[in-house]
Structures are given as C-alpha cells and as structure tokens.
Amino acid sequence: MAYLDNYVNGNNNKQNLLNHTKINGMKILIAEDEKMTLKMLSMKLQKDGYEVIQAEDGGVAMDYLEKNACPDLVITDIMMPFYSGLEVVEKIRKDLKSKIPIIVLSAMGQEDSVEEAFKLGADDYITKPFSPIELSSRVKRLFNA
Amino acid sequence: MLLLILVRWDLEAQLIFFAILFIGAVSAIFFIAYFSSLLMQKKEDAILEKRDERESLLLTILFEENSEKDDLLVGFKEFNIDVKGNGLRKGKRKMLRQIMIDEILKMKKNLSGAGLEDLYKLYEELRLYKDSYKKLTNNHFQLMVMGIRELSEMNHKVYYRSIYRCTNHVQEDVRIEAQLAIVRLFGVKGLRFLSRVTYTISEWQQMTLLYLLTNMKNERPVDIERWLDSKNDSVVIFSLRLADKYNCFELLEKIGHCLYHPNETVKIQAVLCLKNIYNENTELELLAYYQVVSKRVQIAVLEVLKSLATQDSVFFLYKYLVSCELEIRFSIVRILNGLCEGIDIIRAVEKEPEIKESVIQMLEQINNEKLQYN
C-alpha cells in the first residue's frame with residue numbers, strides 16, 4: 001500500500017499514525033485501532049475507487065476532523081483508545097454539525113453501543129468480522145442515499 | 001606446565017594473572033551475549049519483513065479483482081510444489097509457510113462471507129493443511145494443539161478422524177483443543193465425543209463449547225438422553241446444560257432422575273435445569289426435595305422457586321423462614337416478597353425479634369434493588 005502522506009500528530013509528534021491515500025474524489029475516513037482490520041478496510045475501499053484516510057485510534061481521528069475539512073463518509077470502530085467511536089460520532093454531529101454518513105464498526109455483542117451510536121446520529125453499522133462485499137454495498141448505498 | 005610457572009611466581013604476580021583471566025572471561029561472555037542478541041534481532045527483523053510481505057500478498061490476492069494468484073505467488077518459493085525442496089532449506093521453507101498460515105489466521109478474524117471463503121480456498125490451494133497435519137501428528141503437545149487449531153479454524157475436515165481421536169487425549173491442552181475443533185467443524189454432531197470422553201470436562205471448557213454452539217445452526221443434539229447416563233459426571237453436567245439450552249422437555253423425567261445422582265454438582269445442575277424445563281408437578285416435587293438435600297442444593301432449589309413458586313409454596317416457605325440460615329432466609333424472603341405483602345412476611349416472624357429485624361432489613365434491600373433496576 002502506498003502512503004502518500006504521513007500526518008504528524010501535533011502534540012506527541014507521532015508519525016505515521018494517520019496515512020492518507022488519494023484515489024479519486026470521494027474521501028472516507030476510517031478510524032480503527034486494529035491494524036489488520038484497518039488495512040483490510042482501506043484496501044477494499046481503495047479498490048472500489050475511494051480516497052481513504054486511515055486513523056489508528058480515536059485521538060488521531062478527532063485530530064484529523066478538527067484540522068481538516070470533513071470527509072465524505074466516516075467509518076469508525078466503537079472501542080478505540082483515547083476517544084471511542086461514539087465520541088467521534090458525537091463530535092461530527094454536535095460540534096462539527098455535519099450530516100455526512102457515518103458507519104460504526106462493532107464486534108459481536110456490542111448491540112448496546114450500536115444503539116447508542118444510532119441515537120447519536122450514526123447511519124449504519126457493520127459487525128466484525130465483516131464481509132468485503134457487504135462493506136462495499138453499504139458504503140455505496142450511503143453515498144447514493 | 002602452567003601450574004609449575006604459577007607456583008614459582010610470587011603472590012602478587014599470581015593475583016594479577018587471575019585478575020586478567022577473570023576480566024578476559026567476563027569480556028568474552030559480554031561480547032558473546034551482545035553478538036547473539038544482535039543476531040537474534042536481525043533474525044526477528046527478517047521474520048517481521050517476511051510477515052509484512054506475506055500480509056501484502058494476501059491482501060492483494062483477496063482484494064485485487066483482476067489479480068492472477070499464480071502470477072503473484074511466483075516469487076514465493078515455499079509455495080512452489082513442483083520443485084523438490086523449492087531451493088529452500090527445509091527449516092526455512094517450514095518457517096515461511098508457517099508465517100503464511102499465521103497471516104491467514106490473523107486475517108480470518110476480520111473476514112466473513114465471500115472473503116472468508118477465499119481464505120479457505122487459498123489455504124487449500126497452497127496445501128498449508130499438510131503443514132498443519134504434520135503438527136497434529138507430532139509428539140510435542142504444543143505443536144499438536146497448533147495443528148488442530150489451524151485445521152479447524154480453516155474448516156479443513158479431511159483429517160477429522162485424527163482430531164476426533166484427540167478428544168480423549170491424555171494431555172489436557174490437546175484434548176480441549178480437539179473437542180473445540182470437532183464442534184467448530186461439525187456443530188452439534190461433533191458432540192458425539194461426549195460418548196467416549198473419560199476425562200473431566202472443566203466448567204470453562206463447557207462454557208466455551210456452549211458459546212461455540214450458540215453461534216451455530218440451531219440443530220439439537222440427539223444423544224443427550226444417553227449422555228445423561230454417562231459414568232463421567234462432567235458429561236452428565238454438560239448434558240444437563242445442553243438439555244436446558246435446547247429446551248428438551250421430553251427429558252424432564254430423566255432430569256428428575258439426576259436430582260438423586262450421588263454427585264452434588266450434578267444435583268445442582270439438574271435443579272437449575274428445572275427452571276426452564278418443568279411441568280405442573282415440578283414446584284411441589286421441588287418443595288419435597290428441598291427437605292432431603294444439602295444447603296448448596298437447597299440454595300439452587302430456592303433459585304428455581306424464584307421463577308416457579310406459586311401460592312402453593314407460601315406455607316412451606318414460611319415454615320423455613322424461621323428456622324433457616326441467613327443466606328437461605330434471604331432467598332426465601334425474596335421469593336415470598338413476590339408472592340405476598342411485605343407486612344405479612346414480617347407478621348409471620350413476629351414472635352422472633354432477631355429474625356424479624358433481619359427480615360425487615362432484607363425487605364428494604366429487595367425494595368431498594370427494585371427501585372434501582374426499574
């Protein structure tokens with residue numbers, strides 16, 4: 001995977017936490033702390049032609065959202081270090097007042113958190129382990145909605 | 001010769017000689033340790049690099065729509081089955097193939113549907129099952145466990161007989177992994193190992209098996225009745241749990257027999273089973289049973305009566321409210337609170353001031369809990 005841009009976290013000087021790959025117009029931010037899942041999601045969506053921004057935890061995702069324009073879609077895991085996916089959803093809806101589509105990633109048995117995410121304004125959810133085909137169709141559906 | 005020279009030297013010279021010898025030895029040890037750690041680090045870095053390579057390869061195979069698998073695999077000698085030895089040392093080839101298995105298993109955790117099927121296919125095509133099977137037939141139990149896990153995780157059923165034989169293996173880790181594997185591969189049908197297992201199935205193992213079954217097709221095991229007669233008490237306990245899970249009402253009579261099993265844990269499990277599997281006589285039978293069993297079983301009976309008790313139990317419960325221990329009394333008060341007014345319970349113990357005081361406290365606690373959770 002070719003990373004075109006390494007984002008530097010302002011406070012901690014952590015490099016490579018956020019990787020940015022431009023494929024075409026639609027920009028998707030993926031916040032997921034499990035590296036393998038993040039890679040797989042990114043690869044699939046890149047193959048579908050989207051521009052993918054990877055955030056390796058909630059903190060990096062929040063940082064990106066504060067310093068950049070909102071992406072066209074956000075996929076966020078619920079359980080992440082520093083900030084949870086729920087806080088990411090809340091920030092997008094309440095602080096940034098954005099209506100961009102949000103998909104939450106949940107593990108089996110996290111139904112309560114998914115419900116909470118919907119209350120906060122999430123549009124859809126995907127359970128892990130995920131089906132690549134299902135991921136593509138859900139993203140497409142939200143872009144077409 | 002050296003000794004002779006040493007003897008001729010004076011004490012000071014001898015001391016200097018031994019000091020030099022000591023420093024030399026310490027330095028040698030230090031350098032050996034340092035260079036070994038460097039070598040190990042280098043080896044670890046090389047493995048890490050190989051892992052990254054295989055990870056990228058897998059991602060490309062899985063997600064590149066137009067990728068030709070065979071073309072992608074050309075550079076990876078360990079997968080070339082036509083050339084004997086593949087130009088690699090046996091050890092290195094084994095290590096590289098193991099890295100691939102590890103990466104496939106890691107990816108498997110994240111995938112479902114067609115992606116998962118692709119991973120299964122790749123495991124077959126690269127004949128990685130052969131490596132897993134080799135481990136299964138090894139004498140080291142850690143390798144056997146690894147082999148069993150890999151084969152079952154990758155849904156490879158060909159070697160199921162070898163795995164099945166391990167379900168009653170003398171080594172506990174192998175046994176546990178084989179039992180899980182056979183259920184992972186065949187669902188409830190895999191439970192037939194219960195007919196032959198002679199070793200105890202731990203509580204943890206029972207919970208893990210039940211959890212595995214929860215995520216599978218909802219077929220019912222057919223042999224529960226037979227397993228309830230098993231000489232292995234842990235099998236009887238697990239069968240009672242299965243009967244409960246699959247709502248086997250036809251086994252009510254058999255469960256009733258287990259109430260009189262010599263093992264107390266079996267008795268408790270049988271009682272708990274009656275919470276879901278019961279008929280119109282169960283309540284009265286439990287009340288009679290309560291009087292002839294130990295405290296542990298009595299607590300289980302009261303636990304079940306929390307859901308089953310009707311007005312028929314009230315007189316009986318009042319009788320035991322006065323005479324029993326604190327823990328049991330609390331359970332009885334809890335049941336009575338659901339059947340009658342709190343004031344009636346207090347009146348029943350009017351003549352026993354100490355008991356009355358504790359009953360009042362218990363009622364307060366129960367009501368507080370209700371307020372908190374509703």
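The values are calculated or read from the model by the stated rules, or taken from the named source; none is laboratory data. All values reported here derive from a predicted model rather than from experimental measurement. Here the Cβ positions follow ideal geometry from the backbone for every residue, glycine too, while neighbour counts run over all protein chains shown.
Pairing each residue of segment B:96-112 that is free of Cβ contacts under 8 Å to residues at least 12 places away in the same chain with any residue that is buried (at least 20 other Cβ atoms within 10 Å of the Cβ) and hydroxyl-bearing (Ser, Thr, Tyr), provided the two are 6+ apart or on different chains, yields C-beta distances under 8 Å for B:110/A:37. Considering segment A:117-131, and only residues there that are without any contact (Cβ under 8 Å) to a residue 60 or more places away in the chain and either among the hydrophobic types (A, V, I, L, M, F, W, C) or more than 23 Å from residue A:39 (Cα to Cα) (or both), the residue that is nearest to the other protein chains (Cβ to nearest Cβ) turns out to be A:126. Out of all the residues in segment B:258-265, is one or more farther than 21 Å from residue B:199 by Cβ and in contact with a helix residue (DSSP H, G or I) (Cβ under 9 Å, 6 or more places away or on another chain)? Within segment B:258-265, one or more residues are farther than 21 Å from residue B:199 by Cβ and in contact with a helix residue (DSSP H, G or I) (Cβ under 9 Å, 6 or more places away or on another chain). Listed conditions (1) crowded, with 16+ Cβ neighbours inside 10 Å; (2) among the basic types (Lys, Arg); (3) within 14 Å of chain A (Cβ to nearest Cβ) are all met by residue B:109, apart from (1).
Candidates are the residues of segment A:29-40 that are within 14 Å of chain B (Cβ to nearest Cβ) and in contact (Cβ under 8 Å) with a residue 40 or more places away in the chain; the one that is surrounded by the most Cβ atoms within 10 Å (Cβ to Cβ) is A:32.
Would a scan of segment B:328-344 turn up a residue that is touching a Lys or Arg at 6+ places or on another chain (Cβ under 6 Å), of a type outside the set (Asp, Glu) and not assigned by TED's automatic domain parsing to the domain that holds residue B:370? Looking for residues that are touching a Lys or Arg at 6+ places or on another chain (Cβ under 6 Å), of a type outside the set (Asp, Glu) and not assigned by TED's automatic domain parsing to the domain that holds residue B:370, one finds none in segment B:328-344, hence no. Any residue at all in segment B:179-188 that's exposed (fewer than 15 other Cβ atoms within 10 Å of the Cβ) and either assigned to a helix (DSSP H, G or I) or among the aliphatic types (A, V, I, L, M) (or both)? Among the residues of segment B:179-188, not one is exposed (fewer than 15 other Cβ atoms within 10 Å of the Cβ) and either assigned to a helix (DSSP H, G or I) or among the aliphatic types (A, V, I, L, M) (or both), which makes the answer no. Among the residues of segment B:169-224, those that are acidic (Asp, Glu) and within 16 Å of residue B:144 (Cβ to Cβ) comprise B:172, B:173, B:177. Counting residues in segment B:285-296 that are surrounded by 14 or more Cβ atoms within 10 Å (Cβ to Cβ) and of a type in the set (Ser, Thr, Tyr) gives one or more. So is residue B:102 within 14 Å of chain A (Cβ to nearest Cβ) and closer than 15 Å to residue B:47 by Cβ or not? Yes: the conditions hold for residue B:102. Only one of the listed residues (B:283, B:364, B:327, B:369) is in a helix (DSSP H, G or I) and more than 35 Å from the chain's Cα centre (by Cα). That residue is B:364. Only a single item in (1) more than 14 Å from chain B (Cβ to nearest Cβ); (2) modelled with pLDDT of 90 or more is not met by residue A:69, and it is number (2). For segment B:265-282, state whether one or more residues are of a type in the set (Ser, Thr, Tyr) and crowded, with 20+ Cβ neighbours inside 10 Å. Scanning segment B:265-282 turns up no residue that is of a type in the set (Ser, Thr, Tyr) and crowded, with 20+ Cβ neighbours inside 10 Å.
Residue-wise test of (1) buried (at least 19 other Cβ atoms within 10 Å of the Cβ); (2) within 14 Å of chain B (Cβ to nearest Cβ); (3) acidic (Asp, Glu).
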position: A:42; (1), (2), (3): yes, yes, no
position: A:54; (1), (2), (3): yes, yes, no
position: A:62; (1), (2), (3): yes, no, no
position: A:74; (1), (2), (3): yes, no, no
position: A:79; (1), (2), (3): no, no, no
position: A:100; (1), (2), (3): no, no, no
position: A:115; (1), (2), (3): no, no, yes
position: A:135; (1), (2), (3): yes, yes, no
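No other residue among B:346, B:328 is under 21 Å from residue B:291 (Cα atoms) and either basic (Lys, Arg) or touching a Leu at 6+ places or on another chain (Cβ under 9 Å) (or both) apart from B:328. Note on segment B:44-63: among residues that are among the acidic types (Asp, Glu) and within 11 Å of chain A (Cβ to nearest Cβ), the one that is farthest from residue A:48 (Cα to Cα) is B:52. Among residues belonging to segment A:102-113 that are within 14 Å of chain B (Cβ to nearest Cβ) and surrounded by fewer than 19 Cβ atoms within 10 Å (Cβ to Cβ), point out the one that is modelled with the highest pLDDT. Result: A:107. Restricting segment B:113-136 to residues that are over 26 Å from the mean Cα position of the chain (by Cα) and touching a residue at least 24 places away in the same chain (Cβ under 8 Å), the residue that is farthest from the other protein chains (Cβ to nearest Cβ) is B:127.
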